[in-house]
Each structure stands twice: as structure tokens, then as C-alpha cells.
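Structure first, commentary second.
All of the numbers you see were taken from the coordinates with simple rules; none came from a lab. Computed from a predicted model, the values in this text were never measured in an experiment. All Cβ positions, glycine included, derive from the backbone under ideal geometry; neighbour counts span all protein chains shown.
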Amino acid sequence: MEQFTKTTGDSVPFRSSDTLVGPPRASEAGPAECVESSASADTDVAGDALPTQAIGRNAVRRVPFTTSSAVLMATAAILLGAAAWHLGMVFLTLTPANSVTNRYQKSINDYIYPEFGQNWQMFAPNPLAQNVSIGARVQTLGRDNTRHTWDWENLSFRHLTAMRRNPIPSHLDQNVLRRSWDFYTETHDVKDKPTNGMRSALSTEYLTRLALQRFGRQWKGERIVRIQLASRTTAVAPPKWTGQKAPDTTAYRVLPWWTVEEKFYKEL
């Protein structure tokens, strides 16, 4: 038993010749040991002071926010400008011939073809490049049963004046007069003969009713018995920088006299 305890060292009695092993005293330690001890003490007291200094020295410098924002904005502006340029060129390729395409056709073709070539058109037919004025005049029946023919009234001028005084004109206000005239010319030939059956008759009544809205039942105190319409068409002059000259022609179309019936005033 005694031999077992001596071998394991669990119960060996303490002798005066044995020396305790522990941290040296400051007076007994050498210069290097004092420095190391002092550093350890600083670390224990300051806690994270030394790691914070190390992180500050080794951290990667960040790019200022203003510089990165300016770079992003410049890049976005360049991309948007390039996209707008490309879409504009494609748009001009698809539009019918006009003053812009006539002047810059070579530059447009150099950019578009062959990579971005298109084989379709955006508008058909070509946009209207004419001014069409519609006028009307009436015949009235006097008290002595004599008929009086009055001067022409420019319906288009009165229509445009009323539309410009309206800050928010409707689609109907802007197009009703023009579309009624187009409806008539599309359903009648140049000799005013109907070409589309019931639609031809409907277009005649529609145009008559629309014109009578401008005159009413009486004109100059006399009852209206007949009405006549006509159109004057002139070409829109191109911009001066195109070098093109507008055709110096004015086309007129005068429709026959139409008898005014009571049904034309219905719901007017």
C-alpha cells in the first residue's frame, strides 16, 4: 500500500527540500519577463483596447458614398441615353417618310442596317398632311315664299374656336366634324353617287344633322329649307429647313343641295 501511494504521488507528504512552482515575483523576474507581464496586465485591464487598435490599422478603406453615387448615376445616364438613341432610330425607321427622315435618312440607315433592320411599318396609311376646312350655306324661305341663299359659313373655324376655348376638349369635340366628312367621302364617289348602300345614306344624314346644329331651325329669322356643304383642302407646308416646297394648289369639293327634313332636327 505504501509503495502504491508513493508511485501515484497522490498522498506523498511534503518535504522541505521540495520547491513550489509558481509565478515569479516582480523583484525576482528579469527585464523581459517584466515587460511580458506588464503587457498581459494591460490586456486584462483594457480588455478590447489592443484588438480595436489592430482592427483600425488593418481595416480596408471604404470608398466615399458620394463618389460611388456619382459613378452609378453617370453609368445610368449613359445607359438611358444609349437606349433612347436606339429606340429613336428604330422609331424613325418604322415611321412613314417625313421631314426628319428625309434629311437624316443616310445616318439612320447607317445605324440600323443590317443588324437592326425592320420589315414592318408603324403607321398605315401616312399621317394626314392636309388642312381640310368644311363650310356650309343654307336656303331659307321668306314670308312671301321666296327663297334666299345665304353666304358660306366656315364650320371648321367655328368648331376650332369652340374647341380652343375648352381647356379639356373631348375626343368627340376634336374629331366629330372631320370624321363626318371622311365618312361621307368614303361612301360616295367623286360625283356624289352612293357606293355603300345604307352607309351612304347614313353618312348623308349624319353630315346634314351635324351642319344643322350650327344653324338651327332658322337663319336670319327665316326657316331653313335646304343646305349645301363644301370642303377646301390645302397641303401643309413643310418646314423651311427641309428645302421642300408645298404644292401651291387648293382643292374644292362642293356637294349638291339637300332638302332639310323635320327628322334631321330630332334630338338636336
For a quick check: with amide H placed at 1.01 Å from N, whose amide H comes under 5 Å from Arg226's, ignoring anything fewer than 5 positions away on the same chain?
Gln139, Val260
Label point distance in nm, Arg217-Ala84, each placed 7 Å from Cα along Cα→Cβ:
5.9 nm
What is the extension gain from Asp173 to Arg199, computed as 0.36 nm multiplied by their sequence separation minus the C-alpha to C-alpha distance, in nm to one decimal?
7.1 nm
Return the distance in nm (one decimal) between the two label points of a simple spin-label model at Arg143 and Ala251, each offset 7 Å from Cα along Cα→Cβ.
4.7 nm
So what J values fall out for the range 101-110 if you push phi through Karplus, 6.51 cos²θ - 1.76 cosθ + 1.60 with θ = phi - 60°, rounded to Hz, Gly and Pro as x?
5, 5, 7, 10, 4, 5, 5, 5, 5, 4
In sequence order, calculated HN-Hα J values of the range 173-185 (Karplus, 6.51, -1.76, 1.60; Hz; x Gly/Pro)
4, 7, 10, 5, 5, 5, 5, 5, 5, 4, 4, 5, 5
May I ask you to list the trypsin sites (Lys or Arg not before Pro) in the range 172-268 that are in a DSSP loop and have at most 13 other Cβ atoms within 10 Å of their Cβ?
Lys191, Arg217, Lys220, Lys245, Lys266
Looking only at the range 86-103, which residues have a backbone nitrogen under 19 Å from a spot 7 Å from the Cα of Phe116 in the C-beta direction?
86-98, 100-103
Quickly work out the Phe91-to-Met73 label distance, labels modelled 7 Å from Cα along the C-beta direction, and quote it in nm with one decimal.
2.6 nm
